[in-house]
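Chemist: The following block contains the structure, expressed as structure tokens.
Each value in this text was obtained by applying a stated rule to the coordinates, not by laboratory testing. Note that the structure is predicted; figures quoted are calculated from it, not measured. Note that we place each Cβ from the backbone using ideal geometry, even for glycine, and neighbour counts take in every protein chain shown.
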């Protein structure tokens, strides 16, 4: 059953919303989609706000265009994050261990899948798989430092 919780502290605000899909794989995938999708949408909101301030005007058309861009960017970022989180969880389940290699494999598979879905050629798919693996592995190692 879906539920939500909002908590906070003096040092930093923390919002934690949990959607229980009844399956750990789906839970992590949906969580990644929603959280990173919100980041992507926020990025566009900040950029569009800057452009409106710079140009000195706001119209209904600009707001509609900004909302459209926010939805597209949020969906794209959320999809990439959802695929990555799902792949990393899948690697953890298949390998039976939790380590940086799951992030590397999940990043490589995600990079290859997203690149293939974008109709890129073989060389670009391989390059994106390597990039995905590198970024995911670096992020995992940075998590160990904190």
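Chemist: Just 84, 76, 50 to compare: in a GNM of the chain, with alpha carbon springs under 10 Å, which one fluctuates most?
Modeler: 50
Chemist: Oh, and also: In nm², what is the average projected area of the convex hull enclosing the Cα atoms of the chain?
Modeler: 12.4 nm²
Chemist: Measuring from a point 7 Å past the Cα of residue 72 along Cα-to-C-beta, which residues in region 89-124 have an amide N at less than 20 Å?
Modeler: 114-120
Chemist: Moving on. Just how far, in whole angstrom, is region 21-51 from region 91-146 if you go by their alpha carbon centroids?
Modeler: Answer, in whole Å: 19.
Chemist: Sticking with this structure for a sec: Hey, any idea what the orientation-averaged projected area of the convex hull of region 99-146's Cα atoms comes to, in nm²?
Modeler: 2.9 nm²
Chemist: Can you sort 89, 51 so the residue with the fewest Cβ neighbours within 10 Å comes first?
Modeler: The fewest-first ordering by Cβ neighbours comes to 51, 89.
Chemist: Multiplying the sequence separation of residue 127 and residue 38 by 0.36 nm and subtracting their Cα-Cα distance, what value in nm do you get?
Modeler: 29.3 nm
Chemist: Could I ask something else about it? Taking Cα atoms, how many degrees apart are the long axis of helix 100-117 and the longest axis of the chain, rounded to 10 and kept between 0 and 90?
Modeler: The helix 100-117 is inclined about 60 degrees to the chain.
Chemist: On C-alpha positions alone, give me the angle between the axis of helix 24-55 and the longest principal axis of the chain, in degrees, nearest 10.
Modeler: 30 degrees
Chemist: Treating the angle as unsigned and between 0 and 90°, give the value, to the nearest 10°, between the Cα long axis of helix 60-95 and the longest Cα principal axis of the chain.
Modeler: Taking the Cα atoms of the chain, the angle to 60-95 is about 10 degrees.
Chemist: Separate question: Choose one answer from 132, 74, 57: the residue with the largest mean-square fluctuation in a GNM of the chain with alpha-carbon springs under 10 Å.
Modeler: Looking only at 132, 74, 57, the biggest GNM fluctuation is shown by 57.
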